[in-house]
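The structure appears right after this line, and notes come after that.
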Amino acid sequence: YHKKKIHNGNTAPKWHVTGLFPYIRFMVVLLVFSQVLPFPSQVVYNRVGKCGSRTVVLLLRILSEKHGFNLVTSDIHNKTRLTKNEQMELIKNISTAEQPYLFTRHVHFLNFSRFGGDQPVYINIIRDPVNRFLSNYFFRRFGDWRGEQNHMIRTPSMRQEERYLDINECILENYPECSNPRLFYIIPYFCGQHPRCREPGEWALERAKLNVNENFLLVGILEELEDVLLLLERFLPHYFKGVLSIYKDPEHRKLGNMTVTVKKTVPSPEAVQILYQRMRYEYEFYHYVKEQFHLLKRKFGLKSRVSKPPLRPHFFIPTPLETDEPIDDEEQDDEKWLEDIYKR
């Protein structure tokens, strides 16, 4: 890490991490010329809901046993925004975990150095914002193939008129579920815990970009998950060595296929255009991350199979992804689900 010395009045000098960006460039050089990589002993995956986190956490459970690192998960699944005291307590708990560790939880970015801790290496994955929204919308109502096969009703407390609310009506009539601030979802995971990070706007967008540059080793794109896993294996071999072969294993794919959202329908082009306008900051961030990710891929000779769309497309027709992960961090007990399928 590149560090700087800061004097604060009469207090003793303190050392603070200035950012991960120089560290990342240094690692890229090492990878290209020697394939040797420093071993980060503290990694945080503050996973974004509905962006493939079930798949990745299941892989991490297998990898932690294989490589002997400490996978630290949380029993809290529905609290991404924390008070100052809650931030301090969580950072303390994470920092005292047995190293090497990889901590994972649905939580907005935490600044460890603000509370005197060592800033860990961050990783994350995001996806097209409209696809993420649609997956969440229909999963809350109808669940996935596991529930379908077992005749389970998703969100039993939901009123029938809400469950069968047409997606176009929800968008065009500006229902709360289909409008801001509910649509401003991905950026706060990178912006952080500041109250302004929850307000759709330039301030939160720019702060999120800054944190991506300074604190995240890799932010991947779910639509190109195999390349994400390949780069994670290159960057963090002590954690992710062999991850791609596990992911491609037919038995593992069978588990993933059971989590695809059912009864998903495509909104009209008019409705999608409205979503794009409401989610314009989310899309600016998504395209920024995608561009950085493709730049990184080119450094390693990986071709981008998905062409870059214009920043403001006329309309967008979502397509199903093999890695579609219907995860609702406000209602779903991820750990129970992961435990169950991991024991199979």
Note on segment 199-224: residues touching a Phe, Trp or Tyr at 6+ places or on another chain (Cβ under 8 Å), open to solvent by less than 10 Å² (accessible area, probe 1.4 Å), assigned to a helix (DSSP H, G or I) and closer than 15 Å to residue 47 by Cα are 208
Notebook entry, point to check: Is one or more of the residues making up segment 10-20 among the β-branched types (Val, Ile, Thr), open to solvent by 30 Å² or more (accessible area, probe 1.4 Å), in a helix (DSSP H, G or I) and modelled with pLDDT under 55?
Noted result: no
Considering segment 79-89, residues that are in a loop (DSSP other than H, G, I, E, B) and in contact (Cβ under 8 Å) with a residue 24 or more places away in the chain, and then whichever is surrounded by the most Cβ atoms within 10 Å (Cβ to Cβ), we arrive at 80
Among the residues of segment 48-78, the number that are modelled with pLDDT of 95 or more, outside any helix (DSSP H, G or I) and not polar (S, T, N, Q) is 5
For segment 95-120, the count of residues that are in contact with a Leu (Cβ under 8 Å, 6 or more places away or on another chain) and either open to solvent by 40 Å² or more (accessible area, probe 1.4 Å) or over 16 Å from residue 208 (Cα atoms) (or both) equals 4
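The values are calculated or read from the model by the stated rules, or taken from the named source; none is laboratory data. Values in this document were obtained by computation on a predicted structure and should not be read as measured data. Methodologically, a virtual Cβ is constructed for each residue, glycine included, from the backbone with ideal geometry; neighbour enumeration extends over all protein chains shown. All accessible areas refer to the heavy atoms of the entire protein, side chains included, with ligands and DNA or RNA removed. Shrake-Rupley method; radii C 1.70, N 1.55, O 1.52, S 1.80 Å.
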